Amino acid sequence: METTLKKWGNSLAIRIPGAYCRQSGMVEGSKVTVSIENGSLVITPVKGVILADQAKNLDWRARNVRLIDKVEDEIINEVVQLFSTLIN
């Protein structure tokens, strides 16, 4: 696909089509690495966790999240207590 670079502040930016983002698992806020390989610009998604200030910023549908395992209520309660200490 061919696209055009646009000015963004003192940098240049490109738009990545939604289909490419979905295929690579990228969403707004995803971290990527940018490198030059054999004279070509290569953008690679960083696999792992996305940190957000608010949980509602995470779109689990767009990231194709799947359930791996369930956690016991006892552990959930412990985590809630730990976060309560930090928040309050």
Going fewest to most other Cβ atoms within 10 Å around each Cβ, THR33, THR44 line up as THR33, THR44
The range 6-87: spread of alpha-carbon positions along the three principal axes, whole Å, largest first, is 53, 28, 22
If one compares the long axis through the Cα atoms of helix 73-87 with the longest principal axis of the Cα atoms of the chain, the angle in degrees, nearest 10, works out at 70
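Going by average Cβ density within 10 Å per residue, which order do the peptides 78-85, 22-29 take, highest to lowest? If you can, show how the numbers build up before the last one.
Details: 78-85: 9.9, 22-29: 13.4.
Ranked from most to least packed, the peptides come out as 22-29, 78-85.
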Result: in the chain the number of Lys pairs with C-alpha under 30 Å apart, spaced 8 or more or on different chains, is 10
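None of the figures in this text is laboratory data; all of them are computed from the coordinates on show. Computed from a predicted model, the values in this text were never measured in an experiment. So basically every Cβ, Gly included, is an ideal-geometry build from the backbone, and we count neighbours across all protein chains shown.
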